[in-house]
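Asks: Here it is, the structure, as structure tokens.
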Amino acid sequence: RAKEMGGRRVEVFAAHMHADVVRRLELAADLRRALQENQFAVEYQPVVDLATSRVTAVEALVRWWRGSVFVPPEQFLGPAEDTGLIVPLSEWILKEACREVAGWRESSWDIGLSLNLSARQITAPRFVETVSEALAESGLPASALTLEVIEEMLVEDAEDTVAKLSELRALGVRLAIDDFGTGYASLAFLRQLPVDMIKIDPSFVSGLGCDETLTLLTRTIVRLGHDLGLIVVAEGIERPEQLELLREMGCTRGQGYLVARPMSARGVDHLMRTTLQNTA
Ligand code: C2E
Ligand code: MG
Ligand code: MG
Ligand code: MG
């Protein structure tokens, strides 16, 4: 009897696994088709200088509409990474975003581009060449491009990653640590790689003004960043009191729904026109 029950449990478990495998295979096939059929889009979230409120950069964020259903990046980036599709997808995002930001700069809007990297993208054989090509083809100056990586990409067996990122930095590209403070890396990795910027994770910013420990930690990260000569960006600013505290702490830049939501290229066009009008 017990054996019977156990057997049934295994069957139920296997059915779950089967459904999971099927779902993943379907997602992989859909991703491949989406890439061929140009179903991906890039949105841009403005990053502002907290002292002046000027837009200093936009962060490119990939978007996928699977039919009429929006799939969040966190749901398809893992499978895209597992299947290797992340490599052509990332190349498309890179070229598209460089081209668009170069266009905005041509209208004499002095903004930079921040781009998220995936681990597999960096270890792909032609990564450095692909970035150089994107810059050359678009005319975007290397110094206007910031590449964002997370701490995890810089720890275990990361010699190849660190070497490639250092090579790009030697060309003038800037490097940022995204989601700073959430990784399991020690602070020593900040010496391994010459970074220009840290982006404080929203889990710290969310506690500003309502959680003493998180407020203290945010203040400490801002000070640490400045002492190391880095640009410090706060992410996930949603409430006015967070913005006020970050300004008071001297945090360099900010990003979040309170400042601006991610928007389409047309949205950025519009933002640029109003910005340039106001500063003219
Ligand atoms: P991330 O690089 O840390 O990007 C910030 C995420 O926070 C974005 O989510 C953005 O829409 C969201 N966000 C911005 N302001 C606020 C706010 O005030 N409140 C809240 N709750 N969220 C805010 P998104 O677009 O869903 O992207 C999630 C993650 O997926 C990104 O985190 C990044 O790690 C990854 N990702 C997005 N686009 C790309 C891409 O093109 N390539 C790669 N490799 N990864 C990407
Ligand atoms: Mg990012
Ligand atoms: Mg982040
Ligand atoms: Mg993130």
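What follows is calculated from the coordinates using simple rules that are stated; it is not laboratory data. What you see is a predicted model; the values in this text were computed from it and never measured. Positions of Cβ are backbone-derived with ideal geometry, glycine not excepted, and every protein chain shown enters the neighbour counts.
Asks: Scan around Ile150 for amide H atoms under 5 Å from its own, H built in the peptide plane at 1.01 Å from N, and keep only partners 5 or more places away or cross-chain.
Replies: Asp178
Asks: Then there is this: I need the phi-derived Karplus couplings for segment 80-97: 6.51 cos²θ - 1.76 cosθ + 1.60, θ = phi - 60°, integer Hz, Gly and Pro marked x.
Replies: 5, 5, 4, 8, x, 5, 4, 5, x, 4, 5, 5, 5, 4, 4, 5, 4, 5
Asks: Which residue, Gly254, Gly207, Gly67, tops the fluctuation ranking in a GNM of the chain built on C-alpha contacts under 10 Å?
Replies: Between Gly254, Gly207, Gly67, it is Gly67 that shows the largest mean-square fluctuation.
Asks: May I ask for the angle, rounded to the nearest 10°, between helix 212-227 and the longest principal axis of the chain, with both axes built from Cα atoms and the value confined to 0 to 90°?
Replies: 60 degrees
Asks: Roughly how big is segment 181-248's charge dipole about its Cα centre, with Cβ charges of +1 (Lys, Arg) and -1 (Asp, Glu), in debye to the nearest 20?
Replies: 260 debye
Asks: Roughly how many nanometres apart are two label points built 7 Å out from the Cα toward the Cβ at Arg66 and Tyr184?
Replies: 2.9 nm
Asks: Mind checking which of Phe127, Leu61, Ala29 is farthest towards the positive end of segment 1-149's charge dipole, using Cβ charges of +1 (Lys, Arg) and -1 (Asp, Glu) about the Cα centre?
Replies: Ala29
Asks: Across the Cα atoms of segment 205-252, what radius of gyration and what greatest pairwise Cα-Cα distance (Dmax) are found, in Å?
Replies: Over segment 205-252's Cα set, Rg and Dmax evaluate to 9.9, 29 Å.
Asks: Under unit Cβ charges (Lys, Arg +1; Asp, Glu -1), what dipole magnitude, rounded to 20 debye, does the chain have relative to its Cα centre?
Replies: About 520 debye.
Asks: Could you state the number of Å between the C-alpha centres of segment 102-164 and segment 22-59?
Replies: Here the answer is 15 Å between Cα centres.
Asks: What order do you get for Asp20, Asp30 when you list them from fewest to most C-beta neighbours inside 10 Å?
Replies: Asp20, Asp30
Asks: Please name which of Pro240, Phe189, Phe204 has its Cα lying farthest along the dipole of the chain towards the positive end, using unit charges on Cβ (Lys, Arg +1; Asp, Glu -1) and the Cα centre as origin.
Replies: Pro240
Asks: Using each residue's phi in segment 16-28, evaluate 6.51 cos²θ - 1.76 cosθ + 1.60 at θ = phi - 60° and report the 3J(HN,Hα) Karplus result to the nearest Hz, with x for Gly and Pro.
Replies: Result, rounded to whole Hz: 4, 4, 4, 4, 5, 5, 4, 4, 5, 5, 5, 4, 4.
Asks: Let me ask something additional. Using θ = phi - 60° and the Karplus curve 6.51 cos²θ - 1.76 cosθ + 1.60, what whole-Hz ³J(HN,Hα) does each residue of segment 115-129 get, with Gly and Pro shown as x?
Replies: Karplus values, whole Hz, x for Gly and Pro: 10, 7, 9, 9, 4, 5, 4, 5, 7, 4, x, 9, 4, 4, 4.
Asks: Which residue, Arg169, Arg253, Arg33, tops the fluctuation ranking in a GNM of the chain built on C-alpha contacts under 10 Å?
Replies: Arg33
Asks: Please find, in a Gaussian network model of the chain (springs between Cα atoms separated by less than 10 Å), the residue of Glu148, Glu100, Glu248 whose mean-square fluctuation is greatest.
Replies: Maximum fluctuation in the GNM of the chain, among the listed residues, is at Glu248.
Asks: For a Förster distance of 25 Å, can you work out the FRET efficiency between the beta-carbons of Ala119 and Arg24, rounded to the nearest 0.05?
Replies: That pair, Ala119 with Arg24, gives E of 0.85.
Asks: How long is the gain from Met17 to Thr52 if the chain were fully straight, where each residue apart is worth 0.36 nm and the alpha carbon distance is subtracted?
Replies: 7.3 nm
Asks: I need to check one value: relative contact order of the chain, counting alpha carbon pairs closer than 8 Å and at least 6 residues apart, in percent.
Replies: 17 percent
Asks: Also, quick follow-up: If you rank Arg23, Arg219 by fewest surrounding Cβ atoms within 10 Å, what's the result?
Replies: Arg23, Arg219
Asks: Among DSSP beta bridges whose residues both lie in segment 1-147, state the antiparallel percentage, nearest 5.
Replies: Expressed as a percentage, antiparallel bridges in segment 1-147 total about 65.
Asks: Ok, one more. Which whole-number percent is the relative contact order of segment 125-189 (Cα, under 8 Å, 6+ apart)?
Replies: Relative contact order comes out at 42 percent.
Asks: OK, next. Which of Phe127, Phe189 comes first, and how do the rest follow, when ranked by fewest Cβ neighbours within 10 Å?
Replies: Fewest-to-most ranking of Phe127, Phe189: Phe189, Phe127.
Asks: Roughly how many whole Å is it from the C-alpha centroid of segment 179-195 to that of segment 198-255?
Replies: 17 Å
Asks: Using packing as a proxy for protection, rank 150-157, 230-237 so that the peptide with the highest average count of other Cβ atoms within 10 Å comes first.
Replies: Going by the mean number of other Cβ atoms within 10 Å, highest first, we get 230-237, 150-157.
Asks: Can you tell me what share of the DSSP beta bridges in the chain is antiparallel? A percent to the nearest 5 is fine.
Replies: So the antiparallel bridges in the chain amount to around 40 percent.
Asks: Can you list residues whose amide H is under 5 Å from Leu175's amide H, if they're 5+ apart or on another chain and H is modeled 1.01 Å from N?
Replies: Leu147, Asp196, Met197
Asks: Next question. Please report, in whole Å³, the volume per residue of the convex hull around the C-alpha atoms of the chain.
Replies: Given the Cα convex hull of the chain, per-residue volume reads 180 Å³.
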